[in-house]
Amino acid sequence: MQKPFDISDALLRELHDSETRSAAFGRLLESCLTPLYWHARRLVVVHEDAEDVVQETLLRAYKGIDRFRGDGPALKAWLYRIATNRALSLLGRRRRSLLTPLDAVSRTLAGRVSEQAAPDSDELLVRFQQAVLRLPLKQRLVFNLRYYDEMPYAQIAGVLRQREKTLRVNYHLAVCNLKRQLTEQLP
């Protein structure tokens, strides 16, 4: 797992100052680029797509940073919300028709995980990631943010704009679904 990034009050002040904004955004990039990439990658699976999502996310964030008002955790949630929306938008464009739900697109991506995995990848980890991709979208989003990005529910609520209680239920359901899927795959 990657190290979660934190945003200091000093960095926030520099991001809102037009004279220090570029340098401060560069430091923000150093801390958030890898976590945002892996968040996007877990949603879209393909490396090039994840790079596109992160590039769009950072461009939108840079353009909108002067309008952002909030603390470090809120900025982190805002960046993740932009990345999540960009990833879901990309997946939405990949749907074959308007009648194909995003969950079906995710199941298709689950089949691509083994294609994208390195030849020496642990088979159990590949199966785990495939199982995560087969989760319903809401469960998968909450699971990824909680498990991989180690976000507290309050911050996930800022990303997904849902109540914490709903997020806790979705996370619990995701864990139960993963256990069931992985148990069914055992020989």
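Results, tabulated for the structure shown:
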item: Separation in nanometres of the label points that stand 7 Å from Cα toward Cβ, at L29 and R93; result: 2.1
item: Calculated FRET value between R163 and S18, using beta carbons and R₀ = 30 Å, to 0.05; result: 0.25
item: Candidate aspartates and glutamates for bridging to K76, where Cα separation is under 12 Å - those fewer than 8 sequence places away on the same chain excluded; result: D6, D149
item: Counted charge near A83, where neighbours are those whose Cβ lies closer than 13 Å (Asp, Glu -1; Lys, Arg +1); result: +1
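Every read-out reported here was derived from the displayed coordinates using simple, explicitly stated rules and does not represent laboratory data. Since the model is a prediction, treat every value here as computed from it, not as a measurement. With ideal geometry, Cβ positions are generated from the backbone for all residues, glycine too; neighbour counts draw on all protein chains shown.
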